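S.K.: Would you mind keeping the following structure in view while I ask a few things?
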Amino acid sequence: MATKDRAWDRGSRRGNHLVAVLGDEFRERRLGLGLSQERVAGAVRRSASWCSRAERGKIRHLSVLDAGRTAAVLGLDLVVRTYPGGPPLRDAAHAVRLGRLLSHVRAPMRSRVEVPLPEVSGRSEPRSWDAMLYCDHRRTAIELEMRIRDVQATLRRHALKRRDDPVHGSLWSSLQRAAIGECWPSMRISSQICRACRRVECWSPSSAASIRRAGSS
C-alpha cells in the first residue's frame with residue numbers, strides 16, 4: 001500500500017479518536033457545571049442535536065473553530081498542536097533521488113524502503129526509515145531530507161529514531177549541500193555508499209569523507 005494511503009488512514013483514525021475524546025470531555029464538563037445541552041448549544045449558536053452529536057463524537061467534520069467555541073463556553077481552553085508521527089508524504093523528487101542512490105547497492109548488501117521502527121510494548125509504531133541497508137548482520141538506516149527548514153528539529157527527530165531503533169549506523173543527507181553522516185558498518189558498505197552518493201550528487205564532499213573515515217574505524 002502506498003505511503004499516501006497509509007497516511008490518510010492513520011490520520012482518519014487519529015482524527016476520529018480525538019473527536020470522540022473531545023466529546024467525552026465536553027460532556028463531563030457540561031454535567032459538572034450542571035448545564036443542559038440546550039444552554040450550551042445556544043451559547044455556541046448551534047442546535048441541541050448538534051451538541052448531542054458532538055458529545056458522542058458523531059460529528060465527523062468537527063471544526064477547530066466550533067470545538068474552540070464549545071470549550072470556551074464550558075470554561076475550557078482548546079489547545080491544538082502537532083508532533084512528529086509517521087512518515088510524511090514524499091514528493092516525486094524524493095522517490096527519484098532515493099531510488100537513484102539505492103540503485104548503486106550491490107550484493108552482498110541489500111536494501112529495503114520505508115522500514116518501520118520496531119513496536120514498543122505492543123504499540124504500533126508509525127515512524128519508519130526512508131530506507132535500510134543490510135549486510136553482515138548489520139543495518140544502516142538512510143534518511144533523505146529534501147528541504148530543511150529547521151536543522152535542530154530535524155536533528156532531534158533523527159536522534160529519537162536512533163534512540164528507539166539502535167541501528168549500527170545511519171546516513172542522513174540533504175539536497176541543500178548540508179549533510180551529516182554517522183556510519184559504523186564495514187568498509188565495504190561505506191565505500192560503496194560513498195561512490196553512490198557522489199554519483200547521485202546529494203552528498204557534500206566533506207560528509208562523504210567523514211563516512212569513509214567512520215567506516216574504516
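The values are calculated or read from the model by the stated rules, or taken from the named source; none is laboratory data. Because the structure is a prediction, the values reported are computed rather than measured. Neighbour counts are summed over all protein chains in view; Cβ atoms, including those assigned to glycine, are modelled from backbone coordinates with ideal geometry.
S.K.: Find the residue count for segment 137-192, including only residues that are modelled with pLDDT of 65 or more and assigned to a helix (DSSP H, G or I).
M.R.: Matching residues across segment 137-192 total 14.
S.K.: I'm trying to understand the selection: among the residues of segment 59-77, which are touching a residue at least 24 places away in the same chain (Cβ under 8 Å) and either in contact with an Asp or Glu (Cβ under 6 Å, 6 or more places away or on another chain) or closer than 16 Å to GLY15 by Cβ (or both)?
M.R.: ILE59, ARG60, LEU62, ALA67
S.K.: I would also like to ask the following. Does ARG10 fit the bill of being among the charged types (D, E, K, R), at pLDDT below 95 and out of contact with any strand residue (DSSP E or B) (no Cβ under 9 Å at 6 or more places or on another chain)?
M.R.: So ARG10 passes the test.
S.K.: Right, next: For the subset of segment 118-136 comprising residues that are farther than 21 Å from ASP9 by Cα and not aliphatic (A, V, I, L, M), which member is modelled with the lowest pLDDT?
M.R.: SER121
S.K.: Go through (1) of a type in the set (A, V, I, L, M); (2) loosely packed, with under 13 Cβ neighbours inside 10 Å; (3) outside any helix (DSSP H, G or I); (4) at pLDDT 90 or above one by one and return the number of the condition LEU65 breaks.
M.R.: Every listed condition holds for LEU65 apart from (3).
S.K.: Of the residues ASP66, ASP9, ASP91, ASP77, which single one is under 19 Å from ASP130 (Cβ atoms) and among the acidic types (Asp, Glu)?
M.R.: Sole residue among the options that is under 19 Å from ASP130 (Cβ atoms) and among the acidic types (Asp, Glu): ASP91.
S.K.: So which residues in segment 129-172 are closer than 15 Å to MET109 by Cα, surrounded by 14 or more Cβ atoms within 10 Å (Cβ to Cβ) and charged (D, E, K, R)?
M.R.: Those that are closer than 15 Å to MET109 by Cα, surrounded by 14 or more Cβ atoms within 10 Å (Cβ to Cβ) and charged (D, E, K, R): ARG138, ARG139.
S.K.: Tell me which residues, restricted to segment 89-128, are acidic (Asp, Glu) and exposed (fewer than 15 other Cβ atoms within 10 Å of the Cβ).
M.R.: Across segment 89-128, the qualifying residues are ASP91, GLU119, GLU125.
S.K.: Can you name the condition, by its number, that ALA54 falls short on among (1) out of contact with any Gly (no Cβ under 7 Å at 6 or more places or on another chain); (2) surrounded by 14 or more Cβ atoms within 10 Å (Cβ to Cβ); (3) not assigned by TED's automatic domain parsing to the domain that holds GLU143; (4) not in a loop (DSSP other than H, G, I, E, B)?
M.R.: (1)
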